[in-house]
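The values are calculated or read from the model by the stated rules, or taken from the named source; none is laboratory data. Quick caveat: nothing in here was measured; it's all calculated off a predicted structure. When we count neighbours, we look across all protein chains shown, and the Cβ atoms used for this are built from the backbone with ideal geometry, even at glycine.
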């Protein structure tokens, strides 16, 4: 009997090739697309939507690919869950002075919890996605998350929350391929989306203007305050602390003898703290709500840590604390350590775990 696999189809080339490859390998493939956002308010005068993932056009593309492959296809409406679990958290984090990473939450909650549950309801053996990452069996029979072969596309950073139970039921067919090889497969299968461009922006901020998005989602009438130098000197006023992120240089509107950067956001006092570049350097950080693909550590250990998606991992010492927290000590002080972002720990290509910079 064929194994049944539900493929999370976004309408892009990666998930489409994933479905085609698994069908070619003999799986019984079912396509499933998440409807998570209403794009009706994000159209221009000609009715065209801004380019982003998860739009209605993407749903149509996914359906057409499913028809081309001759596989069942379902659209699951997760708009309410996406609003509660991702968008509300995104807004709350910005208003708390953090810089959120909604893609990690979307993968954790929408794909590998809710969509996995739908796959089980269809009696599927596996859930597959087009992520560039690998799940590799351990010698003890467990599973570990590893980087994708294509280092420019590796998405393991966004997947650190995967549990051992989930990894046993998840498939990443593209993890051992480069993007060029995936495009070649799309052409070989003659998929309608073979030349489709990739989406880069946050899906629910399709025009990239997160400030406008926040102001439309929330009432933000009382967020103005001072711009303060790290020495305590008030340099000016801002019209909303949520408009700034750690490391930001442009748009401060302050004349100073050296370039100034945002060093910290004090949401409670509505202060934006700025300073020269050297003040961005951070020797250590606290990471909370940690999850581990190994036994949770009890003793300090050496690792490599990535604090941004595109950053090269940096050598660190990880010191376990109470309440799912760790102290992370950098071998070389790092710039742009941003509360609210994910910190992911690696040993070579293997993901050991991760958490959220506090």
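Side notes on the structure shown:
- Taken residue by residue, the stretch 158-173 has at least one member that is closer than 30 Å to residue 220 by Cβ and in a helix (DSSP H, G or I).
- For the stretch 266-290, a residue qualifies if it is within 16 Å of residue 335 (Cβ to Cβ) and part of a strand (DSSP E or B), and the qualifying residues are 273, 274, 275, 282, 283, 284, 285.
- Single condition residue 58 does not satisfy, out of (1) surrounded by 15 or more Cβ atoms within 10 Å (Cβ to Cβ); (2) in a helix (DSSP H, G or I); (3) modelled with pLDDT of 95 or more: (3)
- For the stretch 328-349, the count of residues that are under 30 Å from residue 232 (Cβ atoms), without any contact (Cβ under 8 Å) to a residue 60 or more places away in the chain and in a loop (DSSP other than H, G, I, E, B) is zero.
This table checks each residue for (1) assigned to a helix (DSSP H, G or I); (2) under 28 Å from residue 110 (Cα atoms); (3) at pLDDT below 90.
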| site | (1), (2), (3) |
| --- | --- |
| 184 | yes, no, no |
| 195 | no, yes, yes |
| 199 | no, yes, yes |
| 202 | no, yes, yes |
| 216 | yes, yes, no |
| 219 | no, yes, yes |
| 237 | no, no, no |
| 242 | yes, yes, no |
| 248 | no, no, no |
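- Odd one out for residue 297 among (1) part of a loop (DSSP other than H, G, I, E, B); (2) farther than 30 Å from residue 238 by Cβ; (3) under 23 Å from the mean Cα position of the chain (by Cα): (3)
- Total residues in the stretch 119-166, condition modelled with pLDDT of 95 or more, under 25 Å from residue 76 (Cβ atoms), out of contact with any helix residue (DSSP H, G or I) (no Cβ under 8 Å at 6 or more places or on another chain) and surrounded by fewer than 19 Cβ atoms within 10 Å (Cβ to Cβ): 5
- Qualifying residue in the stretch 30-44 (condition: in the same structural domain as residue 181 (by TED's automatic domain parsing), under 30 Å from residue 357 (Cβ atoms), at pLDDT below 95 and out of contact with any strand residue (DSSP E or B) (no Cβ under 9 Å at 6 or more places or on another chain)): yes
- Flag if residue 130 is in contact with a strand residue (DSSP E or B) (Cβ under 8 Å, 6 or more places away or on another chain), in a loop (DSSP other than H, G, I, E, B) and on the phi < 0 side of the Ramachandran plot: yes
- Which numbered condition residue 308 misses (of (1) surrounded by 16 or more Cβ atoms within 10 Å (Cβ to Cβ); (2) closer than 24 Å to residue 100 by Cβ; (3) in contact with a strand residue (DSSP E or B) (Cβ under 7 Å, 6 or more places away or on another chain)): (3)
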